[in-house]
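Here's the structure we're looking at; comments come further down.
The values are calculated or read from the model by the stated rules, or taken from the named source; none is laboratory data. A quick note: this is a predicted structure, and the numbers were derived from the prediction, not measured. Neighbour counts run over all protein chains shown; Cβ positions are idealised from the backbone, glycine included. The area values use the complete protein model at the heavy-atom level, side chains included, leaving out ligands, DNA and RNA. Shrake-Rupley method; radii C 1.70, N 1.55, O 1.52, S 1.80 Å.
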Amino acid sequence: MAALPQHQDPTLLEADRVLEREENAHASRPYLGMSGLGEDCERKLWYGFRWVQRVTFSAETHKKFIDGHRTEDLLMQRIRRVPGIEIHTVDPETGKQFEVTDFGGHLKGHLDGAAYRLLQAPKIWHVAEVKASEKMADLNKAVVVLGEKTALRQWNFTYYVQAVLYMNYTGMERHWLVCGTPGGREWTGVRTEADPAEAIRQKAKAHRVIFSQHPLERISDNPEFYKCRWCSFRGVCHDGTLPESNCRTCLHVTPTEAGEWHCARWGKVLTVEEQRAGCQAHLYIPSLVPGEQIDASPEGEWVEYRMRDGSTWRDGAQ
Ligand code: SF4
Ligand code: SF4
């Protein structure tokens, strides 16, 4: 049977376009997030940290994100109603979410909370994390089949890395992840132990991402590899798209140990706003240009490339 044609309501289509426009206008994060560090393509992490391309999503995906945040708030409210349990979602010193940082602030994470007096382990503090996921049933299965200690790692390595780092940076030795289906009708919880060895591995990875002056290794050189096919950076990585022009793609900039971005061209530390704007003296990091460098003039401040299609392109002053 032929598929029924989709009914399209013009008002709702416009509402979707507005949602996309507004949500996609949010600027890229200025730091490397612990919540995404478990990603196994280091080049992808580097591209994100260097703002090579603004990541945008469809209205459908944004609706999922919004749904997820609402569900997470709802789950937290329900947990709070358990008599005797202690949950802190705000750092009393700052009045904001608990924040953990490293490398001068280039690496950051934000905890959903800290929990005490869980019924299953009342004497120990836990990092508390709440997620909404359509794969909640798989987590439940992993707990039953593999046991609670390894379930999170097997179910979602990115969430596991986030858990391990939050425990490491806060000094709490247990993590409690509560996962609910979107809408919150079903849920499950999993406790995870600290893993100092994995934390060290992930910190070393963060160091590579933050301080490398060039794109890190690709997970695959094949653009048809399943992860590359859906990657937001595929254009820059495989297809020869020139990255965006801002300070983070400029060869004059260096991230410092103090968490700053220093421009050698102007001899100063750049604010985040300055980094987003860039300047007329911008020159691409050569390994970001899809071509081969054939000439350069330090005095003239330009670099010339033979591009993949054989044309010549001059970056910088004309
Ligand atoms: S396209 Fe593939 S190799 Fe390139 S950044 Fe994305 S996942 Fe990594
Ligand atoms: S030269 Fe301009 S674009 Fe490059 S890092 Fe300095 S301020 Fe940014």
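Couple of notes before you dig in:
Yes or no, residue by residue, for (1) open to solvent by 80 Å² or more (accessible area, probe 1.4 Å); (2) polar (S, T, N, Q); (3) in a helix (DSSP H, G or I):
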| residue | (1), (2), (3) |
| --- | --- |
| Thr61 | no, yes, yes |
| Gly68 | no, no, yes |
| Asp73 | yes, no, yes |
| Gln77 | yes, yes, yes |
| Val82 | no, no, no |
| Val100 | no, no, no |
| Gly104 | no, no, yes |
| Ile124 | no, no, no |
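- When region 204-255 is filtered for residues that are open to solvent by less than 40 Å² (accessible area, probe 1.4 Å), of a type in the set (S, T, N, Q) and either part of a helix (DSSP H, G or I) or within 16 Å of ligand 2 (Cβ to nearest atom) (or both), the ones remaining, listed by number, are Asn246, Thr249.
- Checking each residue in region 167-197 for being more than 23 Å from the chain's Cα centre (by Cα) and farther than 15 Å from Val127 by Cβ picks out Gly183, Gly184, Arg185, Glu186, Trp187, Thr188.
- Within region 195-225, the residues that satisfy the criterion of being closer than 25 Å to Thr150 by Cβ and either within 16 Å of ligand 1 (Cβ to nearest atom) or touching a Gly at 6+ places or on another chain (Cβ under 9 Å) (or both) are Gln202, Lys205, Ile219.
- Total residues in region 149-192, condition among the aromatic types (Phe, Trp, Tyr), closer than 22 Å to Lys203 by Cβ and open to solvent by 60 Å² or more (accessible area, probe 1.4 Å): 1
- Test: residue in region 267-285 that is within 16 Å of ligand 1 (Cβ to nearest atom), of a type outside the set (Asp, Glu) and outside any loop (DSSP other than H, G, I, E, B): no
- Checking Arg81, Arg117, Arg43 one by one, the residue that is among the charged types (D, E, K, R) and within 16 Å of ligand 1 (Cβ to nearest atom) is Arg43 and no other.
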